[in-house]
Every structure is written in structure tokens, then in C-alpha cells.
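Let me begin by presenting the structure, written as C-alpha cells, before commenting on it.
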Amino acid sequence: MNAIDWSNLSFGYMKTDYNVRSYYKDGKWSTPTETGSEYIDIHMAATCLHYGQEAFEGLKAFKGKDGKIRIFRMRDNALRMISSSQGTLMAELPVEIFEEAVVKAVKLNERFVPPYGSGASLYIRPLLIGMGAQVGVKPANEYLFVVFVTPVGPYFKEGFKPTPVAILRGYDRAAPLGTGTIKIGGNYAASLVAGDKAHKMGYSAVLYLDAREKKYLDECGPANFFGIKDNTYITPQSSSILPSITNKSLMQLAEDMGLKVERRPVPEEELATFEEAGQVGTAAVISPILRVDDIDENKSYVISKDGNAGPVSTKLYNKLRGIQLGDEPDTHGWVTVLD
Ligand SMILES: Cc1ncc(COP(=O)(O)O)c(C=O)c1O
């Protein structure tokens, strides 16, 4: 194998040595087993292909200064996948099997975990799909759970720089009582057109409004939203956004730092009052927001006056990254250190 240029990795797929799989058949999950194949042999009438019976997760492993590998909050991802299964009538994968498969996939691909200091990390992608032939709109009776990993580069190649996001009123990602709170492929298919439009206009993401009233902030394409003002961390409460594990962690850290934390409906106009704002998720932890443009209403909310990340966002980002890398104490028990 050629040496990997850790500092020039993108957020893309790179083949690793193994992936780990568990099959659900006759009401039972098989012991997670490794394979070197990147392909899945699947029936053409499988429910995942036709009726979107599938869910996925995204989490990361990091190498610390001590050379140890740390996986961040995998139990929370396991629980979120169970919630996705309940929302799509898929067999529920027990937390223990999820964790066993994730640990196994990371250990078997240890040589792909980027070194400490590179800014890169190992992205872990668990995937659950409905298998077996079914023509009517019905849940499958067989499922496949796969965990693959791939090294990914630092999100911020040019540093921790704020970017602009767009409100596009002609698009919704998820309905108020739909599937926005779970992590299933259909939500992402539904976001591709608006995302592409925003990218072509020079924005890093779409900031969705609530679909019913178009009055409150929902979330940013693949990330939650937060704003900071008056020593308070404010993040939208909504029935159509994904409960981000990064956001949950940042709310806790904000509280630890003495900030007030509010989770409530956030009207669009409140954007004018934020001293800082950001997109939060596994990919970047925090991606600071420069400006929000409401394209159809011809309104613009400037968040970062000097074009730089604000002090609270920077402090939160450094703290969470520090915990993930093992530079900061893991006081909340979020990290699984592999032996
Ligand atoms: C729609 C959506 N919102 C938010 C997030 C952030 O969630 P997390 O912090 O668990 O990565 C993601 C990414 O997983 C996402 O796809």
C-alpha cells in the first residue's frame, strides 16, 4: 500500500481492509463478522431499494497523543439507529451488537486511523438495510447491518472560518410529523436539490425553516443550528430535525462553561440578534456561520462582523475536539478507549 497523505485527505471514500456485517434472519442477529468485500449481494426486490427501508449513522474514531484510539459516543449512535428502525419498521439492532461491530471494524482497520496531529480522523459508517424480496409496501423480514470505515481529512483546510448559509423557501427537507428526526436515506435524497442549488450560489448549506409555518429555524442540511447571545447557547426545538449527538454534547459543554442553554423554537428574525452562530455535526463539530441570506425574502443577517469565528464557538470547538483526541478529560464518559 502506498503511504497515505493524511493531511490531504478529503471527506471521501477510501477502501480499507475490512467491513463488519451482521444478518437478521428468523428473528435473530448473527455475530458480527468481517469481510474484505466492498460489495453486497442483494435481491432486486429488496425493500431498501424500493421503499427506502434503510438507516445509517456517522461517527468518528481518533488517535490520541498517547497512540490510543478513541471512539466518540458510539452508544448514542446505536440508540439513534434503534429510533430510525422504529420509524421505518426495521428490525432493531441491539446496542451491544452495534458497539461490537463498530469496535471490530475500527480495530481491524487500525492502520487507517490517522495519526494524532494530522487533523484527520477515521469516519465510521454503520448502515442498516431491509433485504429479501418484497413487492408490496411492507417491511422486510431480513436485514443486513454493515459497518465500514474510511479515513477522512480535516473539515477545515483553510482553518476554522465562517461560511454563509442560505434560506431557500421553496424547499423542505422533512415534514413536521414526518421522518426528520431519524437518520434515513429518504431525508437526504429530499435535500439534494436544495443543497445543490445553495452550493452553486456559493453557500455552504441550506438553513431549512419549519415546513408548516416557514417561521422558525429547523436545521442546516446535514447539521443542527445554534446561536449564541447574552451568554446563552440557543438551538431550535422542532419535530423535524435530527437529534444531533454533537449538538447534545455542545449543550452539555456550554452548560459546564457557565452558559445558559435554551432549546426552543427560534424565529428567523432572531438571527439578527445572534453574536455567533454555527452548524454542528460529526463532520466538523462546529462550522461557524458568516451570514444567513433569506434569498426569496431578500433579507440578509450578518452574524460574524469581522469574518472570524467567535470566542464562544472557538472555545466549544476546542473543548469538544480536545475530549475526542484525549487531550481533555472525558468527564461525561463519552469516549470509548480501545485497548
Ligand atoms: C440532518 C442532520 N442533522 C444533524 C446532523 C448532526 O448529527 P451528529 O452530531 O450526530 O453528527 C447530521 C449528521 O449526522 C444530519 O445528517
Original post:
Toward the positive end of the charge dipole of the chain, about the Cα centre and with charges on Cβ (Lys, Arg +1; Asp, Glu -1), which of 69, 259, 36 goes farthest?
Top reply: 36
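Sort 150, 16 by Cβ crowding within 10 Å, fewest neighbours at the top. Write out the running numbers ahead of the final one.
Details: 150 17, 16 21.
Neighbour counts put them in this order, fewest first: 150, 16.
What is the Cα radius of gyration of the chain over 2.2 N^0.38 Å, N being its residue count?
Details: Rg = 20.1 Å, N = 339, 2.2 N^0.38 = 20.1 Å.
Rounded to two decimals, the normalised Rg is 1.00.
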Subject >> residue 300-residue 177 FRET efficiency (beta carbon distance; Förster radius 35 Å; 0.05 resolution) >> reply: 0.65
**OP:** Determine, from the Cβ-Cβ distance of residue 86 and residue 192 and an R0 of 25 Å, the FRET efficiency 1/(1 + (r/R0)^6), rounded to the nearest 0.05.
**Re:** 0.50
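Once you keep just the Cα pairs under 8 angstrom separated by 6 or more residues, what percentage relative contact order results for the chain?
Details: 736 pairs, mean separation 64.3, N = 339.
The normalised contact order for the chain reaches 19 percent.
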Original post:
Against the longest principal axis of the chain, how steep is helix 311-325, in degrees 0 to 90 to the nearest 10, with axes from Cα atoms?
Top reply: 20
Original post:
In percent, what relative contact order does the stretch 143-230 have, based on Cα pairs under 8 Å that are 6 or more apart in sequence?
Top reply: 27
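Within 10 Å of each residue's Cβ, count the other Cβ atoms and sort 41, 66 from fewest upward. Don't skip to the answer; put the middle values down first.
Working: 41 7, 66 11.
So the ranking, lowest neighbour count to highest, is 41, 66.
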**OP:** Among the lysines, select those whose C-alpha is under 18 Å from the C-alpha of residue 183, and discard any that sit fewer than 8 residues away in the same chain.
**Re:** 60, 248
Original post:
For the stretch 74-207, what D do you get in µm² per second when you plug the Kirkwood radius from alpha-carbon pairs into Stokes-Einstein at 37 °C and 0.692 mPa s?
Top reply: 185
Original post:
Along the Cα-to-C-beta direction of residue 331, a point sits 7 Å from the Cα; which residues of the stretch 224-259 have their amide N less than 20 Å from that point?
Top reply: 231-234, 246-259
Original post:
Of 256, 294, 306, 218, how do they rank once you tally other Cβ atoms within 10 Å and put the fewest first?
Top reply: 306, 256, 294, 218
Subject >> Backbone HN-Hα couplings from phi across the stretch 168-179 [Karplus 6.51/-1.76/1.60, Hz, Gly and Pro as x] >> reply: 10, 5, x, 9, 10, 8, 8, 7, x, 10, x, 10
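For every helix of n ≥ 4 consecutive DSSP H residues, a contribution of -39,500 (n - 2.57) applies; sum these over the chain, divide by its total residues, and give [θ] at 222 nm rounded to the nearest 500 deg cm²/dmol.
On the way: 7 runs with 74 residues, N = 339.
Calculated at 222 nm, the ellipticity per residue is -6500 deg cm²/dmol.
Can you pull the Rg over Rh of the stretch 186-258, Cα-only, Kirkwood?
Details: Rg = 13.7 Å, Rh = 13.6 Å.
Value, to two decimals: 1.01.
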**OP:** Per residue of the stretch 83-89, in order, report the coupling 6.51 cos²θ - 1.76 cosθ + 1.60 (Karplus, θ = phi - 60°) as ³J(HN,Hα) in whole Hz, putting x for Gly and Pro.
**Re:** 5, 5, 5, 5, x, 10, 6
Original post:
If packing is taken as the mean number of other Cβ atoms within 10 Å per residue, what is the order of 314-325, 222-233, highest first?
Top reply: 222-233, 314-325
Original post:
For the stretch 157-299, max minus min Cα coordinate along each principal axis, in Å, sorted largest first?
Top reply: 39, 32, 31
Original post:
So what J values fall out for the stretch 206-217 if you push phi through Karplus, 6.51 cos²θ - 1.76 cosθ + 1.60 with θ = phi - 60°, rounded to Hz, Gly and Pro as x?
Top reply: 9, 9, 6, 9, 4, 6, 6, 9, 6, 10, 10, 6
Original post:
At what distance in nm do the modelled label points of residue 13 and residue 213 sit from each other, each positioned 7 Å from its Cα along Cα→Cβ?
Top reply: 4.2
Original post:
Which aspartates and glutamates have a Cα less than 14 Å from the Cα of residue 299, not counting those fewer than 8 places away in the same chain?
Top reply: 268, 269, 270
**OP:** Tell me which residues come under 5 Å, amide H to amide H, from residue 300 once H is placed; ignore anything under 5 positions away on its chain.
**Re:** 294
**OP:** Search the structure for amide H atoms under 5 Å from the amide H of residue 276, placed 1.01 Å from N in the peptide plane, and list their residues when 5 or more places away or on another chain.
**Re:** 228
**OP:** Could you let me know the centre-to-centre spacing of the stretch 305-326 and the stretch 156-213, using Cα atoms, in angstrom?
**Re:** 23
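Each reported figure results from applying straightforward, stated rules to the coordinates on display, with no laboratory input. As the structure is a prediction and not an experimental result, all values here were calculated from the model. All Cβ positions, even for glycine, are placed from backbone atoms using ideal geometry, and neighbour counts span all protein chains on display.
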